[in-house]
Amino acid sequence: MNKSKKIKVQRLSVGSEDGNTARLGRKKDLGVRIPGPLGNGPSRFIPEKEILQVSKVDLRAQSIFEDAFAALGRLDNISLVMGFHPQYLESFLRTQHYLLQMDGPLSLHYRHYIGIMAAARHQCSYLVNLHVNDFLQVGGDPKWLNGLDGAPQKLQALGELNKILAHRPWLLTKAHIEHLLKAEEHSWSLAELIHAVVLLTHYHSLASFTFGCGITPEIHSDGGHTLRPLSLSQYCVCDIANGNGHGNNLEERRSSHQVSGEVEVLMERMKQLQECRDEEEASQEEMATRFEREKTESMLVATAEEEECVQSRDVSRHFEDPSYGYKDFSRRGEHVPTFRVQDYSWEDHGYSLVNRLYPDVGQLLDEKFQMAYNLTYNTMAMHKDVDTTMLRRAIWNYIHCMFGIRYDDYDYGEINQLLDRSFKVYIKTMVCSPEKTTKRMYESFWRQFQHSEKVHVNLLLMEARMQAELLYALRAITCYMT
């Protein structure tokens, strides 16, 4: 970044504190009500000090923040939380910028509207509001925001694909693709459809990250400010009632005492599994059996508290069939068919299809997947020089297992050894019903680990989910093309 840009950003971000205070004082004297922040920092789950400390100690993160601010005129809370992992954040922002701003098959307002449709499937008002503003800024028709039925037929037709991809991607067939590509005057081109599919999967998974990290709206956004006086040291009363406050110190100390040794137990299991791997290898039949067992068990893991979510009119109007979700499938006990990665994989099939129809995007996505999967600092909580490959692979493969995706060379028996029940509940909720994620759930797994490590977990969950959805969508498109 050049020197002048840095100076400009610093001026914008620091400002004149005395001048601001004086102006606020004058407005209060005139009887103007000054809004205050509703939340307590960028996340309801992570202390604000820890998040803000990142840019002070990590020059790379600071540089990325400055570039993002200079390009967009804002720095959203998602970026601030991802700042724990600057390498990943750089890849994420590059990909998202390309999808939304650079040359591509879809017009700019279509891109933001598809982002709204995707985020609304999980009632993610944070992302919906972000893209409503962007949609209007690029000249989108405000009438489309009254509801999906006010949008063009072409976008309405995308509703079914949005619904299936978000909740039950294994049900996607080439018939769904054919319906969109052969809709006469409202038809999609293959290139447009690839762009739309990447946007849908990007925002479904980003909704998971948003809820999984407890991202709060910025002060200038809807739901980010209040005119009521805040009480209890600036905590929002509704946060405390929902278990989202900073907690009871005595309770925290008690739970910390209960889980002492949690990390060491996990490290010992990893060591034992590695020794078992070296000694003997399970047969293909046994590996297949273990996968089916894990897939069946994953269906039985409950997602958070089984509560009915009240649909917000502002969000639900952007999609159809609000009752459609993952829970319907699991309750009926239906069986997810097995998708063998050996038959259709991202590396051998999906990557080249995306790159052919939407140049450079396959490469950008691949770099982002690899970054999340391979990211490591060789630490676990307070321990250093730890190889976490086995643990990262277990998390990634468990998410794909929930979607019926199987790796023939992986022993699914390792998952139960490495991921305990509270962690599985968190994973399934965040991936399948992210709107139900609570602070209590976030705190209940890996209680001795750093917040940065939990954010890393959420990056893995987000990217594994996106790749799983993409695999089903791209396989259906490939079937249509052949």
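The values are calculated or read from the model by the stated rules, or taken from the named source; none is laboratory data. The model shown is predicted, which means the values in this text are computed figures rather than measured ones. Side chains are part of the model used for accessible areas, which takes the heavy atoms of the whole protein and leaves out ligands, DNA and RNA. Shrake-Rupley method; radii C 1.70, N 1.55, O 1.52, S 1.80 Å.
Couple of notes before you dig in:
- Whole-angstrom gap from the range 393-463 to the range 70-102, using each part's C-alpha centre: 24
- Taking the accessible area of the range 31-156, probe 1.4 Å, and keeping the other protein chains in place, the carbon and sulfur fraction comes to 51%.
- Along its first, second and third principal axes, ordered by size, the range 85-195 spans 42, 32, 29 Å in Cα coordinates.
- Links that overshoot a 25 Å alpha carbon limit, given the list Lys174/Lys436; Lys143/Lys368; Lys384/Lys428; Lys154/Lys174: Lys174/Lys436; Lys143/Lys368; Lys384/Lys428
- Karplus-based coupling profile of the range 472-481, in residue order and whole Hz: 5, 5, 5, 5, 5, 5, 4, 4, 5, 6, with θ = phi - 60° in 6.51 cos²θ - 1.76 cosθ + 1.60 and x standing for Gly or Pro.
- Interchain or long-range residues, amide H under 5 Å from Phe339's placed H: Ile405, Arg406
- For Phe84, the solvent-accessible surface with a 1.4 Å probe is about 30 Å², rounded to the nearest 10.
- Under-5 Å amide H pairs with Ser43, H placed in peptide plane, nonlocal only: Thr216
- In Hz, Karplus ³J(HN,Hα) per residue of the range 169-176 (6.51, -1.76, 1.60; θ = phi - 60°; x = Gly, Pro): x, 5, 8, 6, 10, 5, 5, 5
- Backbone geometry of the range 416-421 corresponds, through the Karplus equation with coefficients 6.51, -1.76 and 1.60 at θ = phi - 60°, to 3J(HN,Hα) couplings of 5, 6, 9, 10, 7, 5 Hz, x marking Gly and Pro.
- Long-range HN-HN contacts of Tyr412 with modeled amide H, under 5 Å: Phe291
- In the assembled protein chains, Thr389 presents an accessible area of approximately 70 Å² (probe radius 1.4 Å).
- Percentage relative contact order, the range 147-223, counting C-alpha pairs under 8 Å, at least six apart: 23
- Residue order by solvent-accessible surface for Arg94, Arg168 is Arg94, Arg168, largest first, with ligands and nucleic acids left out and a 1.4 Å probe.
- Cα-based shape type of the range 413-467, given that a ≥ b ≥ c are square roots of the gyration tensor eigenvalues and the cut on a/c is 1.5: rounded
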